[in-house]
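First comes the structure, then the notes that go with it.
The values are calculated or read from the model by the stated rules, or taken from the named source; none is laboratory data. Fair warning: this is a prediction, and the values are worked out from it, not measured in the lab. All Cβ positions, even for glycine, are placed from backbone atoms using ideal geometry, and neighbour counts span all protein chains on display. Ligands, DNA and RNA are stripped out before the accessible areas are found, and what is left, the full protein with its side chains, is counted by its heavy atoms. Shrake-Rupley method; radii C 1.70, N 1.55, O 1.52, S 1.80 Å.
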Amino acid sequence: MTWQSPIAPGISWYQASVGERPEYPALDGSVSTDVAIIGGGFTGLQAAFNLARLGVSVVLIEGSRFGDGASGRNGGQLGTGQRACPGELEAELGFERSKALFDMAENAKHYLLDFAEQHGIDIEYMPGQLNVAHKRGWESDYRHDAEIMAVRYGYPHISFMDREETHERVGSTRYHYGVRDTGTGHIHPLKLLVGLARVAHQAGARIHEMTPASAIRQEGGKTVIDTARGTITANRLLIATNAYIGNLEPVTASHVMPIRSFIGATESLSKFPQVLKGSEAVADSRFVVRYFRKSRDGRLLFGGREAYTADSPRDISTHIRRQIAEIYPDLKNIEITHGWGGSVGITLPRKPFARDVMPGVTSLAGYSGHGVMLSNYCGKMYADMVAGNARELDVLKDLKIPPFPGGASLRKPLLFLALTWYALRDRF
């Protein structure tokens with residue numbers, strides 16, 4: 001029987017192409033451990049794996065199935081650097097801190113690819129990414145960003161694309177300019193997630209699905225996590241729920257907002273060879289970004305939506321097909337074989353949220369649509385921090401991430417209004 005996630009709509013093409021996922025038991029009974037982890041996405045499972053291989057006892061719980069959250073349902077693009085371009089971060093933070101964030105992201109990229117290779121996980125890596133402008137007036141910005149990355153940040157894989165090259169590589173005249181990045185690529189995220197759960201389990205981590213945490217409390221210098229069928233008592237706790245924090249922990253909830261993102265997978269594009277001839281991934285310049293790529297078997301995987309809300313459309317395919325047709329008119333009647341969605345965690349400045357929210361309790365979240373490689377690496381950095389091996393995570397902890405305004409009652413309505421405004425600006 002096909003599994004339907006209780007926390008995210010639709011059956012993803014990723015799920016259909018992976019087939020039956022391994023199942024892990026729910027927690028049954030109370031346990032004590034060195035480190036507890038709430039959340040079984042990339043961050044939590046990487047932390048569990050890296051801690052277990054160092055001999056640290058670790059218990060991880062996931063409220064649904066591994067892969068039901070954003071880690072198993074995302075666009076699969078790795079990107080380069082942080083969510084904001086290096087020039088923007090440099091203007092805000094200075095060169096030294098901006099360069100540290102850029103280098104962290106490069107470390108994350110190499111770590112992810114090396115991890116998959118070392119553990120025999122076929123993540124269907126395909127090289128190349130195009131970042132493209134949907135407005136004519138941004139040519140100088142794109143040229144400047146490419147130059148900064150190449151010269152000041154020592155990244156030789158980036159180049160500016162003029163109008164002709166952009167049209168040729170994208171296979172559409174919808175975009176005007178862009179940059180081509182040959183030092184990154186895109187992956188099958190659910191294959192990575194399934195493989196990661198396997199190696200974490202093999203390393204000795206106790207990992208449990210279908211075990212939501214109901215409360216967190218501190219007693220006698222330890223942290224206690226309540227679940228329906230037992231408690232976990234731990235010396236340390238990592239909260240790695242990202243967009244699915246709910247009301248579990250108020251500091252994270254005030255800084256990380258869940259938004260819905262949707263993806264459609266088309267039939268094979270064998271009849272449309274002009275679309276993404278080089279099979280690069282694409283992300284555009286809209287605030288409400290559109291992101292798309294070809295899968296290994298030649299499908300178009302297209303993500304985006306006109307406004308951010310916490311709701312899901314009744315027919316995901318209709319929304320996605322309309323956006324595809326704006327870029328590729330020849331695909332207006334293309335069959336969409338799978339449509340799915342899920343929640344993404346964003347912060348107000350679109351930078352990751354890394355903070356100790358209680359004594360011995362760390363929260364990592366808010367990757368803001370740029371988390372495929374960063375979330376994996378954050379799990380590793382957390383394990384390194386616990387083991388006393390490194391403090392690279394402090395680079396993120398030092399970032400100033402303000403809470404969303406409005407308090408619990410007004411936060412979502414204000415976000416809806418703000419992001420709908422930005423979505424309207426994208427059109428003009």
Kindly check whether there is at least one residue in region 255-266 that is in contact (Cβ under 8 Å) with a residue 24 or more places away in the chain, of a type in the set (Val, Ile, Thr) and in contact with a Lys or Arg (Cβ under 6 Å, 6 or more places away or on another chain).
yes
Starting from residues that are at pLDDT below 95 and of a type outside the set (Gly, Ala, Ser), keep the ones in region 269-289 and report whichever is least open to solvent (accessible area, probe 1.4 Å).
Val288
Regarding Glu88, is this residue at pLDDT below 95, more than 18 Å from Glu209 (Cα to Cα) and open to solvent by 40 Å² or more (accessible area, probe 1.4 Å)?
yes
Specify the residue that is surrounded by the most Cβ atoms within 10 Å (Cβ to Cβ); the eligible residues are those in region 1-44 that are polar (S, T, N, Q) and in a helix (DSSP H, G or I).
Thr43
With the condition kept exactly as written, say whether any residue in region 171-187 is touching a Pro at 6+ places or on another chain (Cβ under 9 Å), in a strand (DSSP E or B), modelled with pLDDT of 95 or more and open to solvent by 70 Å² or more (accessible area, probe 1.4 Å).
yes
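Look through Lys99, Lys109 and report the one residue that is surrounded by fewer than 21 Cβ atoms within 10 Å (Cβ to Cβ), on the phi < 0 side of the Ramachandran plot and modelled with pLDDT of 95 or more. It would help to see each step written out before you state the result.
Values: Lys109 fails: surrounded by fewer than 21 Cβ atoms within 10 Å (Cβ to Cβ).
Selected residue: Lys99, the only one of Lys99, Lys109 that is surrounded by fewer than 21 Cβ atoms within 10 Å (Cβ to Cβ), on the phi < 0 side of the Ramachandran plot and modelled with pLDDT of 95 or more.
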What tally of residues in region 211-230 results from selecting those that are assigned to a strand (DSSP E or B), crowded, with 16+ Cβ neighbours inside 10 Å and among the polar types (S, T, N, Q)?
2
Output the residues belonging to region 337-383 that are within 28 Å of Asp284 (Cα to Cα), β-branched (Val, Ile, Thr) and touching a Pro at 6+ places or on another chain (Cβ under 9 Å).
Val344, Ile346, Thr347, Val372
Right, Thr318: open to solvent by 30 Å² or more (accessible area, probe 1.4 Å), in contact with an Asp or Glu (Cβ under 7 Å, 6 or more places away or on another chain) and more than 30 Å from Gly221 (Cβ to Cβ) or not?
no
Suppose we keep only residues that are over 24 Å from the mean Cα position of the chain (by Cα) and within 28 Å of Arg21 (Cβ to Cβ) within region 231-258. Which one would you say is most open to solvent (accessible area, probe 1.4 Å)?
Thr231
Yes/no for Pro156 being over 23 Å from the mean Cα position of the chain (by Cα), under 25 Å from Thr182 (Cα atoms), modelled with pLDDT of 95 or more and open to solvent by 60 Å² or more (accessible area, probe 1.4 Å)
yes
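Name every residue in region 259-269 that is under 21 Å from the mean Cα position of the chain (by Cα) and not hydroxyl-bearing (Ser, Thr, Tyr), in order of residue number.
Ile259, Arg260, Phe262, Ile263, Gly264, Ala265
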Among the residues of region 350-379, how many are farther than 24 Å from Ile225 by Cβ and either surrounded by 20 or more Cβ atoms within 10 Å (Cβ to Cβ) or without any contact (Cβ under 8 Å) to a residue 60 or more places away in the chain (or both)?
8
Looking for something open to solvent by less than 80 Å² (accessible area, probe 1.4 Å), assigned to a loop (DSSP other than H, G, I, E, B) and without any contact (Cβ under 8 Å) to a residue 24 or more places away in the chain - is there at least one such residue anywhere in region 73-81?
no
Which listed residue, of Glu117, Glu124, Glu139, is closer than 24 Å to His186 by Cα and either touching a residue at least 24 places away in the same chain (Cβ under 8 Å) or part of a loop (DSSP other than H, G, I, E, B) (or both)
Glu124
Looking at Phe302 and the list (1) within 19 Å of Gly41 (Cβ to Cβ); (2) at pLDDT 95 or above; (3) buried (at least 22 other Cβ atoms within 10 Å of the Cβ); (4) hydrophobic (A, V, I, L, M, F, W, C), which single condition is not satisfied?
(1)
